[in-house]
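Trainee: Structure below; questions to follow.
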Amino acid sequence: MESTTQGKFYIQTFGCQMNERDSETLAGMLTDLGYGPCGDKAEADVVILNTCSVRENADKRFFGILGQLKKYREERSDMVVAVCGCMMQQQHVIDTLKAKYPWVDLVFGTHNIHQFPQLFQNVVQERRKIVEIWEDGGAIVEGLPAKHLYDFKAFVNIMYGCNNFCTYCIVPYTRGRERSRRPEEIVEEAKRLARSGVKEITLLGQNVNSYGVSRYEGGYCAADEKGPDFAGLLYLLNEIEGIERIRFMTSHPKDLSDRLIGAFADCEKLCRHIHLPVQSGSTEVLRRMNRRYTREQYLELVSRLKDAVPDIALTTDIIVGFPGETEAQFEDTLDLARKVEYDSAFTFLYSVRKGTPAEKYGDQVPEEVKHQRFNRLVDVIHGIQAVKNKACEGRIEKVLVEGPSKTDPRTLGGRNDANKTVNFSGPRELTGQIVDVRITEGKTFSLWGEVAGRPSPCPQKGSKSGPAPGKEGEHE
Ligand code: SAH
Ligand code: SF4
Ligand code: F3S
């Protein structure tokens, strides 16, 4: 039994899975300090906003919510409001917080999460405000607690930071240099999770394909230690008893190795899905984005993946309206999306980020042109997705059941191998189990089905269906 002697906490997370995983660490730390979770900020004794700076609307939402919190904080002098995450690694944000939100109790960044229990206790005991930001990451701190959202699936960080400096992206500035965790630490964590009942792990990194590549002091380097690279790590994790599914994200196309393609064939637990952000279908735009691959190289990679793993599901990220993008270049993106036949895609309007090289590019695309292109792209993506989902009808899919739907408790929802949402009728006791479901209807954003009477003929395979949840459009 958890004791909640100290009070209740509420954590709101913006941004990517890295941030979600960090929030799980914060929840684990607060649990160890005797706090319990609650579902309403107004009732919480501790509120943490874990922020994202990848696009402007994430920034705006953060300041909107912070504004609402002011009222609760004024009414309750014992409440603690803490803010952390990527936005805190930007000096202009810290300046704004100090000037306009001086009532915020604790500010910390992405590099010193491990300090949270100490900083938090100092705030509570001494009733003083603390701003503690580290410029860059030190050695990786292992052994931090975590309270995972689900009992049966979990995120596992394999590396931190990014060295790629795509010209539009803030992440290398907010998350620091690329550094990898030691393989034995990752394997140990996966074994621990398996012992606690976790069946599916998702390996996280901004670019998992360069796992063990950088020579960051205190980080793991595969070449220096003659140890596993990313593919090698997958082979090790595939051996762990109790883990039934392995996913990973995100893969940078420039670093995708033949060995990784080989791992799809060899590792039966590896889900047949790859998220391979393309960003643009125009070689010239890709050059200006500093992506370091061409349209042709990307298409070649996709065809090698499809040849090696015929049932692979492909998803992507695409930015619309990057500075200087012409109508013809945008049409190259539409054409590439049709050629690849993505199972789904996250599509984004280009958003200027302070401090990135693209901020200085003079030829910004007008807002209305960006929106119009965005809508055209989404139509194309949805069209492909609808056809692919329809083609799933009649197939038997392995679904890891996440639980009953909020609106109808008799409908269960889960994910197939390709990470696509599958809904079907069944008892809530199936939550956390991997169930065979026969697909009866393929809609644009989800699959619907019924529990199949017999096991799937080919575990973890046999699906050409689409992956990622129907979350197209701007997502934060
Ligand atoms: N490391 C991951 C992505 C991290 S950010 C990768 O490289 O794949 C997630 C996505 O946000 C990116 O793939 C990109 O499509 C989008 N993105 C990043 N910066 C953006 C910006 N300034 N404007 C619009 N979209 C952006
Ligand atoms: Fe950003 Fe590029 Fe790094 Fe991804 S690879 S986090 S898009 S800089
Ligand atoms: Fe993730 Fe947003 Fe930071 S996408 S790494 S939380 S800027």
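Trainee: Compute, for the chain, the length of the dipole vector about the Cα centre, with Cβ point charges of +1 (Lys, Arg) and -1 (Asp, Glu) only. Units Debye, rounded to 20.
Mentor: In total the dipole reaches around 380 debye.
Trainee: For Glu393 and Glu142, what does the FRET efficiency come to when R0 = 41 Å and r is the distance between their Cβ atoms, rounded to the nearest 0.05?
Mentor: Approximately 0.35, to the nearest 0.05.
Trainee: So how do 133-144, 296-307 stack up, highest first, on mean other-Cβ count within 10 Å?
Mentor: In descending order of packing, they fall as 296-307, 133-144.
Trainee: A follow-up question, please. Compute the relative contact order of region 153-390 as a whole-number percentage, counting only Cα pairs closer than 8 Å that sit 6 or more residues apart in sequence.
Mentor: After rounding, I find 17 percent.
Trainee: Quickly work out the Glu300-to-Lys443 label distance, labels modelled 7 Å from Cα along the C-beta direction, and quote it in nm with one decimal.
Mentor: A separation of 4.2 nm, rounded to one decimal place.
Trainee: Calculate the dipole size of region 180-232 relative to its Cα centre from +1 charges on Lys and Arg beta carbons and -1 charges on Asp and Glu beta carbons; express the result in debye to the nearest 20.
Mentor: I would put it at about 200 debye.
Trainee: Here's another thing I want to ask about it. Sort out for me the Cα centre separation of region 394-448 from region 212-276, rounded to whole Å.
Mentor: Measuring centre to centre over Cα atoms gives 28 Å.
Trainee: Roughly to the nearest percent, how much of the accessible area of the chain is carbon and sulfur, given a 1.4 Å probe?
Mentor: It is 50 percent, rounded to a whole number.
Trainee: Give the lysines whose C-alpha is closer than 23 Å to that of Lys354, dropping any in the same chain fewer than 8 places away, or say none.
Mentor: Once the sequence-local lysines are set aside, what remains near Lys354 is Lys60, Lys98, Lys100, Lys370.
Trainee: Could you tell me, in Å, what Rg and Dmax come out for the Cα atoms of region 4-76?
Mentor: Here Rg and the maximum Cα pair distance are 12.8, 39 Å.
Trainee: Can you give me the relative contact order of the chain as a percent, contacts being Cα pairs under 8 Å and 6 or more apart?
Mentor: Once divided by the residue count of the chain, the mean separation gives 10 percent.
Trainee: Note the full-extension length gain between Gln12 and Ser425 as 0.36 nm times their separation in residues minus their Cα-Cα distance, in nm to one decimal.
Mentor: 145.6 nm
Trainee: Give me the extension gain from Ala386 to Asp40: residue separation times 0.36 nm, minus the current Cα-Cα distance, reported in nm with one decimal.
Mentor: 120.9 nm
Trainee: For Glu75 and Thr407 in one chain, what is 0.36 nm times their gap in residues minus the Cα-Cα distance, to one decimal in nm?
Mentor: Stretched out fully, the Glu75 to Thr407 stretch lengthens by 116.1 nm.
Trainee: Projected onto the charge dipole of the chain (+1 at Lys/Arg Cβ, -1 at Asp/Glu Cβ, origin at the Cα centre), which of Leu286, Leu336, Ala263 gives the Cα projection farthest towards the positive end?
Mentor: Leu336
Trainee: Just going by the charge dipole of the chain, with Lys and Arg at +1 and Asp and Glu at -1 on Cβ, which of Tyr216, Gln433, Val387 is farthest out on the positive end?
Mentor: Most positive-ward Cα: Val387.
Trainee: Another question about this same structure. Could you tell me the extents of region 85-137's C-alpha atoms along the three principal axes, largest first, rounded to whole Å?
Mentor: That works out to 29, 27, 12 Å along the principal axes.
Trainee: At a Förster radius of 51 Å, what calculated FRET efficiency corresponds to the Cβ-Cβ distance of Gln364 and Asp307, to the nearest 0.05?
Mentor: 0.80
Trainee: While we're on this one: Using +1 on the beta carbon of Lys and Arg, -1 on that of Asp and Glu, and nothing else charged, what's the dipole of region 153-390 about the Cα centre, debye to 20?
Mentor: It works out to roughly 420 debye.
Trainee: Assign one of three labels to region 7-132, namely rounded, prolate or oblate, based on the Cα gyration tensor with a ≥ b ≥ c the square roots of its eigenvalues; rounded applies when a/c is under 1.5, prolate when it is not and a/b is larger than b/c, and oblate otherwise.
Mentor: rounded
Trainee: Using the structure shown, list the pairs from Lys199/Lys443; Lys153/Lys443; Lys199/Lys390; Lys420/Lys443; Lys390/Lys443 with a Cα-Cα distance above 18 Å, or answer none.
Mentor: Lys199/Lys443; Lys153/Lys443; Lys199/Lys390
Trainee: Could I ask something else about it? Between Ser257 and Asp151, what is the label-to-label distance in nm when each label sits 7 Å out along the Cα-to-Cβ direction?
Mentor: 3.8
Trainee: Does region 188-240 come out rounded, prolate or oblate, given a ≥ b ≥ c as the square roots of the eigenvalues of its C-alpha gyration tensor, rounded meaning a/c under 1.5 and, failing that, prolate meaning a/b above b/c?
Mentor: Prolate is the answer for region 188-240, as a/c is 1.5 or above and a/b outweighs b/c.
Trainee: Moving on to the next point. Going through region 339-410, which trypsin sites (Lys or Arg not before Pro) have at most 15 other Cβ atoms within 10 Å and a DSSP loop state?
Mentor: Lys354, Lys406, Arg410
Trainee: Normalised by the residues of region 206-311, what does the relative contact order come to in percent, with Cα pairs under 8 Å and at least six apart?
Mentor: Here the relative contact order equals 24 percent.
Trainee: Share of antiparallel DSSP beta bridges in the chain, in percent to the nearest 5?
Mentor: Within the chain, antiparallel bridges account for around 35 percent of the total.
Trainee: Just report the Cα centroid separation between region 79-106 and region 287-359, whole Å.
Mentor: Their Cα centres are 34 Å away from one another.
Trainee: Taking the chain on its own, what percent of its Cα-Cα pair distances exceed 29 Å?
Mentor: Value for the chain: 52 percent of Cα pairs lie more than 29 Å apart.
The values are calculated or read from the model by the stated rules, or taken from the named source; none is laboratory data. Only a predicted model underlies this, so the values are computations on that prediction, with no experimental measurement involved. All Cβ positions, even for glycine, are placed from backbone atoms using ideal geometry, and neighbour counts span all protein chains on display. Only protein heavy atoms, including side chains, enter the accessible area calculation; ligands, DNA and RNA are left aside. Shrake-Rupley method; radii C 1.70, N 1.55, O 1.52, S 1.80 Å.
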